[in-house]
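We did not get these values from a lab; they are worked out from the coordinates using the rules stated. Computed from a prediction, not measured in an experiment: that's the story for all the values here. Methodologically, a virtual Cβ is constructed for each residue, glycine included, from the backbone with ideal geometry; neighbour enumeration extends over all protein chains shown.
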Amino acid sequence: MKKTTLLALAVPAVAGALAFFPIENQEPAFHTAAEMAFFKQHFRKNADAPLTDPSAHGMMVPIDSNILFPTASLCSGCHGHDPNGKAMVLSDGTDVNIYDDWRSSMMANAARDPFWRAKVSHEILTNPAHSLELQDKCTSCHAPAGHYQAKLRDHKMFYTLADLYADTLGLDGVTCQTCHAQAPALLGSLHSGELNYDTNYIRVAYGPFEFIFEPPMREFVGITPVYGEHILDAGQCAGCHTLITKTVNNNGAYTGNTFVEQATYHEWLNSRYDKDHDNVTCQNCHAPYLQEAVVISANYQFLTNKFPFAVHEMAGANVTMLKLMKEHRMALGIPAEPQHFDSTIAATLRMLQHQTLDLSIETGALQGDSALFKVKVANKAGHKFPSGYPARRAWLEFEVKNQIGQVVFHSGRWNPDFSLPGEDNNFEPHHDLIDQPSQVQIYELVPGDVNGQFTSVLERAHIALKDNRLVPQGFSLSDPAYDTTRIVGAALQDPTFNLYEGSDVVHYRIPTHGYTGLLFVTARVWYQSLPPKWMAPMFAFSSPEIDAFRAMFDAADRSPILVAEQVLDSVFVSPVSIKNIDKQELVKVYPTLSRDGRVLVEAASGVRVQRVQVWDAAGRLVWDKTDAQQPLHLPERRGLYFVSVTTQQGRVVEKVVRE
């Protein structure tokens, strides 16, 4: 082939490559002139839009070179909804764009969370001498981008609520760069709002992809995307999801003690899911991978699908607060629409009801003066359940009804204000056996002050009075992280509080009072993020934040969230004890599957039948004879029946099905 021919072929190829991979000082050529005109027009159109206006969620404002973190709205131009239906869309058409999934999450609204604002105000009013330190600590996790920009760029000593309310970046909550700009150094070793942003690389966005088309983000947002393996590491979450506070006494003086307010990351370390074992990270559950590859950016038709792609719903457990913020989103200035909250709420319910725990009921002895039941709850989360802020708790409801629907035992019911009527004023102890309706099994962390009394003021937290929260599977008392993940109270002495399984068995003893018949048993696990006993001390104070939240709280749906439910139908109980003898040696009931309703009762030699009774599955007595008349006849209705045969040596109960 001639050199001229080679040159003719090579020149266009080189030119094309240079256009596709821009070099230093080359005019970007990845957009057409029309596209560039559109973007410039879009920038100008939105540049002056108020950032607190939810209608301005799609803004694309060029980032100033002295701003360390962009707001999420700048990322939405490429990582939000694609009107062309090409990017962040599954093969079935489901939109999984990052911005819409994120903006209705608790993470996105961490700085607008009205309970958090009220609680910070409560802490300040309780101990005003520490006001600046308290605000600075709280904003480090709830408004990290605003907080760290104020520290790293403006060299401010404190970042307060007043600073936050006037700061668009701070109001962005846990925004995109809060996670994607964290440096790999010190990952997992930081806590209490200490986040490592290397100022030499703070204008980068770490991601999970090794091959990146980076010019658009660099040119339009001022952030350069780079590969960072650590973005998938659970240590990304450690800085905020491990919080150790300094303790003060009731006069506000520091004691020198500290209190572990939450240690979700350390709980993960003390589990089978940590890096040294199964390596199921926080992201695997709270930002899970999709099973298919997707295009990750809008506006670029030539981009290919990427895998893995993480759903950014950031589902947790706080359904109550999500519902409250949805109802008051305009008052709170939240840039998310109701449908976005609906999606996040649905994802949160799926997390709670399908990925959190298993629940089962087993019967024990059902004769004599009591009926015994065992309820087992097993944690499936990668940390304690509940975890996070210590107000959050879960409890077991156990309800027993007789065959006419009367409640004969009920533990764990709630009052109209969603408090628990049997709960101890200071704290409800851990139970292995419950035999009184006033007792209830509550899984919780209870902070105590220097006098050993429950406190909802976090700065006064001195010791844990109780921590019987369900531990994650693989938990160990000898793990290096046990010092921040301790079990406190009677749960340590409970032989059925199984650490390795992450489970607990609660025994219930129900007095029968001579009752013979069927019982219907229901066990439920409820989750509550805003218990009245935590709200009441705060509502005793008044501030703009507390007063605003009180009005929202009073109008909110505060119903506990059902996590799991199990039912045992038609449990037959009797006050007559059966001797420890094979029932076949007493009496034989057959056939157990009857097509014509005829059932024979055949007593062993020397055994006298005193009474034959039959109950249907609804608990109705349908046959009651004091002799051994043969055969007995089941009703015409098909279904399950219980045949009880009383002899001088004991009682036999057999299940029979009529086809």
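Length gain on complete extension for the stretch ASP154 to ILE404, per 0.36 nm per residue less the alpha carbon to alpha carbon distance?
Roughly 82.9 nm would be gained on extension.
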For peptides 85-95, 139-149, sequence by mean Cβ density within 10 Å, most packed first: 139-149, 85-95
message: Given the -39500 (n - 2.57) contribution per DSSP H run of 4+ residues, what per-residue ellipticity at 222 nm results for the chain, rounded to the nearest 500 deg cm²/dmol?
response: -7000 deg cm²/dmol
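So if each residue of separation counts as 0.36 nm, and I subtract the Cα-Cα distance between ASN425 and PHE539, what length gain in nm does that give? Please report the intermediate quantities before stating the final value.
Values: separation 114, 0.36 × 114 = 41.04 nm, distance 1.77 nm.
Going from the current span to full extension adds 39.3 nm.
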query: Could you give the Stokes-Einstein D for segment 163-265 in µm² per second, using the C-alpha Kirkwood radius, 25 °C, 0.890 mPa s?
result: 156 µm²/s
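Restricting to the chain, what percent of DSSP beta bridges are antiparallel, rounded to 5? Write out the running numbers ahead of the final one.
On the way: 86 of 95 bridges.
In the chain, DSSP labels about 90 percent of beta bridges as antiparallel.
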field: Neighbour-count ranking [beta-carbon atoms within 10 angstrom, fewest first] of TRP395, TRP534
entry: TRP534, TRP395
- prompt: How about segment 276-333: which GluC sites (Glu not before Pro) there lie in a loop by DSSP and see at most 14 other Cβ atoms within 10 Å?
  reply: GLU292
- request: Would you mind telling me the antiparallel percentage of the DSSP bridges in segment 356-573, rounded to 5?
  value: 95 percent
statement: Residue by residue through segment 315-324, the couplings from Karplus 6.51 cos²θ - 1.76 cosθ + 1.60 with θ = phi - 60°, in Hz, x for Gly and Pro, are 5, x, 9, 8, 4, 4, 5, 4, 5, 5
query: ³J(HN,Hα) across segment 109-117 via Karplus (A = 6.51, B = -1.76, C = 1.60, θ = phi - 60°), whole Hz, x for Gly/Pro?
result: 9, 4, 7, 9, 4, x, 5, 4, 4
message: Quick check: convex hull over the Cα atoms of the chain, volume per residue in Å³, rounded to an integer?
response: 223 Å³
For segment 79-85, 3J(HN,Hα) per residue [Karplus equation, 6.51 cos²θ - 1.76 cosθ + 1.60, θ = phi - 60°, Hz, x = Gly/Pro]: 10, x, 4, 9, x, 7, x
task: Give LYS246/LYS466; LYS326/LYS466; LYS246/LYS326; LYS86/LYS137 a once-over and call out the pairs whose C-alpha atoms are over 30 Å from each other.
output: LYS326/LYS466; LYS246/LYS326; LYS86/LYS137
Hits among aspartates and glutamates - C-alpha to C-alpha of LYS380 under 17 Å, sequence gap 8 or more where chains match: GLU267, ASP274, ASP278, ASP358, GLU444, GLU501, ASP504, GLU565
query: How do PHE69, PHE341 line up, fewest other C-beta atoms within 10 Å first?
result: PHE341, PHE69
